[in-house]
Each structure stands twice: as C-alpha cells, then as structure tokens.
Amino acid sequence: MKKIYHMERITAITNARIFDGERVINDQTIVINGASISAVGSAVPAGATLVNAQGATLLPGLIDAHVHTSLDGLRNALAFGVTTELEMLGYWTTQDRKEAAERDDVADFRSAGMGITAPGGHPSELVSGDEDPRADAEHQPAYDDHNFIAPFASTPEEATDFVAKLVANGSDYIKIMIEEGSVFGAPGLPMLNNDTIVAAVRAAHHYGKLAIAHTLTVASTQQAIAAGMDGLAHLFIDRSHTSELVTTIAESGAFVTPCLVLNSSIMGRPATELAADERVSSKMSQTWLDTLRSSFNTFPQGNFDDVLATVAALHKAGVDILVGTDVSPLPLPHLGGLAHGASVHHELQLLVEAGLTPIEALRAATSVPARRFGLTDRGHIAPGARADLLLVDGDPLTNIADTLSIRAVWRRGV
Ligand SMILES: [Zn+2]
C-alpha cells in the first residue's frame with residue numbers, strides 16, 4: 001500500500017517550455033515527487049501521472065514581495081499562480097498561521113509582523129475606525145502593549161525594544177516607515193526621527209533580519225539608504241529621478257520593489273483593463289473586481305511616465321527590482337486598483353512597459369525575490385526545489401500578458 005501511495009505522488013510535466021527562474025532551459029520535462037521537484041530533464045518514471053504541457057510555459061510559482069494579506073488574500077493569490085506572498089505589515093493569530101501552513105489552497109507567506117512607525121504615523125491615515133481589526137475580539141494581536149496600527153516608537157530605545165519583540169513574535173524581516181504623507185493626501189504626518197530609524201535598522205541587523213523601508217519620496221529614500229536599509233518596499237514617486245540618487249541606491253546594494261500598480265492607483269488610474277480581462281474576472285469576487293476598478297487617487301498630480309523612467313534607470317544601474325503590489329488584506333475601494341494575485345500579473349506588464357524585457361520581469365517575480373529574501377527552496381525550477389509551479393498557455397517570455405493564461409498551479413506539489 002505504502003508504495004502505491006508513493007507512486008501516486010509522482011507527477012511528470014512533459015513537453016513544456018521551461019523558464020527556470022533565470023532563463024529558458026533546453027529540457028522540457030520535470031518530475032514532481034511529493035512536495036518537491038525531483039528531476040529536471042530526466043526520463044519519465046514508470047507510473048507517474050502525466051501532464052502534457054504542449055503549447056504551454058512552465059514557470060516557478062510567482063512571488064509578490066509586497067502585500068498585506070489574510071487567508072482569503074492567500075487563497076486568491078494562489079488562484080493566480082502566486083505561490084508566495086511577502087507581507088510588509090500585518091498580523092496573524094497563531095491559529096490563522098497554523099491554518100495557512102496546513103492548507104493546500106492558499107499561498108505560502110512570510111511576514112514582517114507589525115511595522116515600526118511614529119505615534120500617529122503611517123499607515124494610520126489610511127485606516128478608518130471600523131476597518132481597525134482591533135474591533136474584532138478574536139483577532140487580537142500577540143503584542144498586548146502595542147496596538148495594531150500603533151507599534152509606535154519615539155526613541156532609539158523604543159525602536160530597539162520593539163524590534164526584539166517583533167523577532168520574538170516571528171517577524172521574518174523588519175519594516176520601517178518613513179512617510180510624511182504627501183502622496184497619500186495627508187502631508188505633515190508624524191515621522192520617526194533619524195536616530196530612531198538608524199536604531200531600528202541596527203536592531204534588525206543584530207537579529208540577522210532584513211531592514212526594509214517604506215519610502216515614497218526622494219527625501220525619505222535618501223534617508224532610508226543613509227540609514228543602511230537592505231531594501232525599499234516602494235519607489236519614490238514625488239519627483240523624477242536624478243542620476244545621483246540612482247547611483248546612491250545602486251551603490252548601497254538595496255533592492256527596490258517599485259509597486260507600479262500601487263503608484264498607478266495613487267495617481268488616480270484604476271485597473272479597469274485588468275478587471276475587464278476575462279482571465280481575471282472569472283477568478284475573482286465582485287467585491288474585488290469593484291476594488292480593482294477603483295483607485296487611491298491621493299496624488300493625481302504625479303507623473304506616471306517619470307515613475308516608469310525611474311524604474312528603467314534603477315534597473316539599468318544594476319539595482320535588483322522585485323515584483324510587489326502593496327495589495328491590502330480586504331477589498332477596500334479607497335485602497336483600490338489592486339487585488340491579490342491578479343495585480344502581480346499587472347505589475348509584470350508595467351515592468352515591461354518600463355523597459356524590462358519579459359524575462360527580466362519574470363526574474364523579478366521569481367529568482368530575484370527568492371535570493372533577496374533568502375528563500376532558497378523556491379523561485380527556481382531545479383531538483384530539490386519546492387514544487388511551486390505555474391503552467392500557462394502561450395509564451396510569456398515573448399508576450400508577458402500570457403502569464404494570465406493559467407492552465408495549472410502547483411503548491412508544494414499539490
Ligand atoms: Zn504596504
């Protein structure tokens with residue numbers, strides 16, 4: 001019996017064009033054994049379940065490097081081939097975390113847990129009272145001396161202390177807010193002072209965690225880089241880039257997750273076209289579709305062409321660009337233009353519009369985030385890697401929009 005069960009867990013995908021996370025390889029067959037890829041380019045083992053991928057392209061499961069999520073968000077993400085979401089601020093009860101780890105119908109995730117911000121600072125301005133999850137008694141965060149959107153720090157000592165608490169509560173990396181509010185229509189927001197920011201970065205590094213900054217302006221980006229951040233979870237969008245700033249970012253080694261889909265929404269552009277795509281609308285609830293058709297519209301004076309040019313300049317300078325969306329856990333029209341999973345495909349399209357080749361955009365959603373976040377078991381198609389896979393009709397290496405023509409998704413081999 002045992003042997004038969006084992007045999008049932010072997011799947012061979014044949015005749016596929018394979019993008020392995022870095023490049024298109026010559027092999028056309030992979031073998032999945034249980035939760036992992038056991039072979040690439042080998043003969044098909046006897047008794048394996050066959051998946052003929054003629055006319056299709058096999059990719060590593062996609063990674064969204066900037067989300068705020070929930071079990072529903074993770075389920076929607078997986079339906080779009082996003083097998084890992086990296087949460088940049090959020091909270092999880094032990095029960096929900098356990099459920100997410102056990103279920104096969106939700107994406108895997110990592111989380112910063114709470115972010116570090118100033119009293120009354122970002123993202124308070126985006127969260128109204130009735131959306132505050134503290135209202136839900138069953139979803140109390142694990143930290144009883146800090147509130148959900150108020151893990152406030154005013155001094156270096158408080159920041160150091162808070163990082164220790166986050167790490168003890170399982171934060172996979174540390175998110176630090178540097179946001180003065182102008183692109184969210186709330187200029188003059190309270191901000192962390194520079195010593196506190198520097199202390200938070202130092203504390204993150206003390207625990208071997210990445211320090212990741214929320215910055216959407218040139219000034220906050222300069223501050224983040226000077227403080228030694230490992231990555232920027234956003235792109236500056238208040239002004240066009242200068243070669244000096246691009247060089248500063250490139251020399252720091254920090255990665256950038258531009259979240260073009262968010263920037264587009266902030267500038268008042270709803271994701272109407274995406275929502276009208278049958279490959280999207282067929283997989284999404286009406287509420288999420290309505291959210292996609294809406295937008296933040298808090299900085300309509302921004303110039304999206306400048307934003308695309310900034311991404312092109314950073315990419316050309318050798319900065320690691322990561323696919324991220326900044327989608328919220330719930331469908332809220334005032335945080336619109338974004339949806340779990342679907343927006344990753346939109347981001348890939350916008351990166352290509354910015355000037356990345358399709359293969360460079362696909363790396364930004366697979367091997368690059370895996371490398372930057374130390375996720376050594378994914379982001380690649382190779383023997384031993386997690387069997388997180390996306391099979392799409394057509395050739396997204398030529399036409400990036402083909403990533404939406406989803407034929408199948410595997411998560412941990414299922
Ligand atoms: Zn965010």
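Of everything listed in (1) part of a helix (DSSP H, G or I); (2) basic (Lys, Arg); (3) touching an Asp or Glu at 6+ places or on another chain (Cβ under 7 Å), the single unmet condition for Arg97 is (3).
Selection of the range 387-398 for residues being among the charged types (D, E, K, R) and surrounded by 23 or more Cβ atoms within 10 Å (Cβ to Cβ) yields only Asp388. Restricted to the range 299-414, the set of helices (runs of 4 or more DSSP H) holding at least 3 residues that are in contact (Cβ under 8 Å) with a residue 60 or more places away in the chain, assigned by TED's automatic domain parsing to the domain that holds Lys175 and within 16 Å of the ligand (Cβ to nearest atom) comprises 342-354. When the range 207-229 is limited to residues that are under 18 Å from Arg372 (Cα atoms) and surrounded by fewer than 21 Cβ atoms within 10 Å (Cβ to Cβ), the one that is nearest to the ligand (Cβ to nearest atom) turns out to be Leu210. Entry remark, the range 122-154: residues being over 17 Å from Asp326 (Cβ atoms) and either modelled with pLDDT of 90 or more or assigned to a loop (DSSP other than H, G, I, E, B) (or both) number 14 in total. Taking every residue in the range 89-101 that is of a type in the set (D, E, K, R) and pairing it with any residue that is assigned to a helix (DSSP H, G or I), at least 6 positions away or on another chain, the pairs with Cβ-Cβ distances below 9 Å are Asp96/Leu71; Asp96/His139; Glu99/Leu71.
Each row is one residue, and each column tells you yes or no for (1) buried (at least 21 other Cβ atoms within 10 Å of the Cβ); (2) more than 26 Å from Ala101 (Cα to Cα); (3) away from the ligand (no atom under 16 Å from the Cβ).
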| position | (1), (2), (3) |
| --- | --- |
| Thr14 | no, yes, yes |
| Ala39 | no, no, yes |
| Gly55 | no, yes, yes |
| Leu89 | yes, no, no |
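Let me spell it out: the conditions are (1) within 14 Å of the ligand (Cβ to nearest atom); (2) within 24 Å of Arg378 (Cβ to Cβ), and Thr117 meets all of them except one. Which number is the exception? Only one criterion is unmet by Thr117, namely (2).
Residues are listed down the side, and each one gets a yes or a no for (1) among the polar types (S, T, N, Q); (2) surrounded by fewer than 23 Cβ atoms within 10 Å (Cβ to Cβ):
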{"residue": "Asp305", "(1), (2)": "no, yes"}
{"residue": "Gly336", "(1), (2)": "no, yes"}
{"residue": "Glu347", "(1), (2)": "no, no"}
{"residue": "Thr357", "(1), (2)": "yes, yes"}
{"residue": "Glu360", "(1), (2)": "no, yes"}
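The selection criterion, being away from the ligand (no atom under 16 Å from the Cβ), of a type outside the set (A, V, I, L, M, F, W, C) and modelled with pLDDT of 95 or more, does not hold for Ser264. Restricting the range 251-274 to residues that are part of a helix (DSSP H, G or I), among the small types (Gly, Ala, Ser) and touching a residue at least 40 places away in the same chain (Cβ under 8 Å), the residue that is surrounded by the fewest Cβ atoms within 10 Å (Cβ to Cβ) is Ser264. Within the bounds of the range 237-249, is there any residue that is within 16 Å of the ligand (Cβ to nearest atom), under 25 Å from Ile400 (Cβ atoms) and either modelled with pLDDT under 95 or aliphatic (A, V, I, L, M) (or both)? The answer is yes; a qualifying residue exists.
Has the range 46-67 got at least one residue that is assigned to a strand (DSSP E or B), of a type in the set (Ser, Thr, Tyr), out of contact with any Cys (no Cβ under 9 Å at 6 or more places or on another chain) and in contact (Cβ under 8 Å) with a residue 12 or more places away in the chain? Looking through the range 46-67, at least one residue is assigned to a strand (DSSP E or B), of a type in the set (Ser, Thr, Tyr), out of contact with any Cys (no Cβ under 9 Å at 6 or more places or on another chain) and in contact (Cβ under 8 Å) with a residue 12 or more places away in the chain. Would a scan of the range 62-69 turn up a residue that is of a type in the set (A, V, I, L, M) and surrounded by fewer than 24 Cβ atoms within 10 Å (Cβ to Cβ)? Looking for residues that are of a type in the set (A, V, I, L, M) and surrounded by fewer than 24 Cβ atoms within 10 Å (Cβ to Cβ), one finds none in the range 62-69, hence no.
The values are calculated or read from the model by the stated rules, or taken from the named source; none is laboratory data. All of these numbers come straight from a predicted model, not from anything done at the bench. A quick note on method: Cβ atoms are made from the backbone with ideal geometry, for glycine too, and the neighbour counts reach across all protein chains shown.
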